[in-house]
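S.K.: First the structure, which I've put down as structure tokens, then a few questions once you've had a look.
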Amino acid sequence: MIAFVHGRVAALAPDHVVIEVGGVGLAVQCTPGTISRLRVGATVHLPTSLVVREDSLTLYGFANEDERQVFELLQTASGVGPRLAQAMLAVHSPEALRRAFATGDEKALTAVPGIGKKGAQRLLLELKDRLGAPGGPGAPAPAAATEPWREQLRQALTGLGWSPGEADAALAAIAPQAEAAVAQGKQPDVGELLRAALRTLNRV
């Protein structure tokens with residue numbers, strides 16, 4: 001198994017990134033949120049999971065180790081392959097998925113393309129105890145208390161008709177932009193962030 005890749009970003013595409021490692025370009029499938037954090041020419045370290053099929057070898061990359069572990073745990077449920085597991089992580093963070101399974105939130109799962117009502121009910125039964133409890137060791141602290149821009153944008157996006165899951169995915173994609181402003185001692189421009197979030201949603 002290839003546990004991670006470390007190298008220079010050679011190219012970006014809507015659904016994958018090419019990482020140059022030792023003179024070889026590796027195509028790594030990633031969620032839009034992960035891709036949005038990468039820049040061509042930058043050196044990156046991505047946890048990965050190699051999916052082996054009879055006719056293909058596909059490498060999936062993640063923003064962090066937690067995402068990779070959840071990606072692999074999701075596939076222990078019947079009917080969940082790597083593409084559906086990746087779609088779930090594109091819509092929901094690992095912690096949001098833990099909350100959904102812990103609370104039996106069927107609506108959160110049906111927000112994922114490819115999961116219907118019956119599929120969500122089955123997944124809730126199969127995966128309820130596999131992902132771990134929300135808020136466990138390593139879980140991020142709630143962002144709204146220290147990042148008011150995040151809650152403002154979430155309310156704006158859901159008010160425009162996007163689902164909570166889609167809003168969370170867009171927020172994850174634009175978070176580096178907001179964090180860069182904070183690091184410079186500036187207040188994030190909510191209007192500018194909203195436009196960036198809408199561009200991300202329209203692209204997906």
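The values are calculated or read from the model by the stated rules, or taken from the named source; none is laboratory data. What you see is a predicted model; the values in this text were computed from it and never measured. Please note: Cβ atoms are built from the backbone with ideal geometry, for glycine as well, and neighbour counts cover all protein chains shown. Side chains are part of the model used for accessible areas, which takes the heavy atoms of the whole protein and leaves out ligands, DNA and RNA. Shrake-Rupley method; radii C 1.70, N 1.55, O 1.52, S 1.80 Å.
S.K.: With the structure loaded, tell me whether L38 is in contact (Cβ under 8 Å) with a residue 12 or more places away in the chain and either out of contact with any helix residue (DSSP H, G or I) (no Cβ under 7 Å at 6 or more places or on another chain) or at positive phi (or both) or whether it fails that test.
M.R.: In short, yes.
S.K.: Within the bounds of region 45-62, is there any residue that is outside any strand (DSSP E or B), among the small types (G, A, S) and either modelled with pLDDT under 95 or in the same structural domain as Q177 (by the TED database) (or both)?
M.R.: No, that holds for no residue.
S.K.: Return only the number of the condition from (1) in contact with an Asp or Glu (Cβ under 8 Å, 6 or more places away or on another chain); (2) modelled with pLDDT of 80 or more that G135 does not satisfy.
M.R.: Among (1) in contact with an Asp or Glu (Cβ under 8 Å, 6 or more places away or on another chain); (2) modelled with pLDDT of 80 or more, the lone unmet condition for G135 is (2).
S.K.: Let me confirm something: among L97, L84, L109, L89, which residue is assigned to a helix (DSSP H, G or I) and open to solvent by 30 Å² or more (accessible area, probe 1.4 Å)?
M.R.: Only one candidate qualifies: L84.
S.K.: Next up: When only residues in region 44-67 that are of a type outside the set (A, V, I, L, M, F, W, C) and within 16 Å of D15 (Cα to Cα) count, which is surrounded by the fewest Cβ atoms within 10 Å (Cβ to Cβ)?
M.R.: T58
S.K.: Does V70 satisfy the criteria of being assigned to a helix (DSSP H, G or I) and crowded, with 18+ Cβ neighbours inside 10 Å?
M.R.: Against the criterion (assigned to a helix (DSSP H, G or I) and crowded, with 18+ Cβ neighbours inside 10 Å), V70 qualifies.
S.K.: Conditions: (1) over 23 Å from G25 (Cβ atoms); (2) in contact with a strand residue (DSSP E or B) (Cβ under 7 Å, 6 or more places away or on another chain); (3) not β-branched (V, I, T). A108 meets all but one. Number of the miss?
M.R.: (2)
S.K.: Which count do you get for residues in region 153-182 that are open to solvent by 50 Å² or more (accessible area, probe 1.4 Å) and either touching a residue at least 60 places away in the same chain (Cβ under 8 Å) or within 11 Å of A197 (Cβ to Cβ) (or both)?
M.R.: 5
S.K.: Further question on the same structure: Kindly state which helices (runs of 4 or more DSSP H) lie completely within region 139-204 and contain at least 1 residues that are in contact with a Cys (Cβ under 7 Å, 6 or more places away or on another chain), at pLDDT below 80 and β-branched (V, I, T).
M.R.: Hits in region 139-204: none.
S.K.: Which one of the conditions (1) surrounded by fewer than 18 Cβ atoms within 10 Å (Cβ to Cβ); (2) of a type in the set (S, T, N, Q); (3) in contact with a His (Cβ under 7 Å, 6 or more places away or on another chain) does Q29 fail to meet, given that it meets all the rest?
M.R.: Failing condition for Q29: (1).
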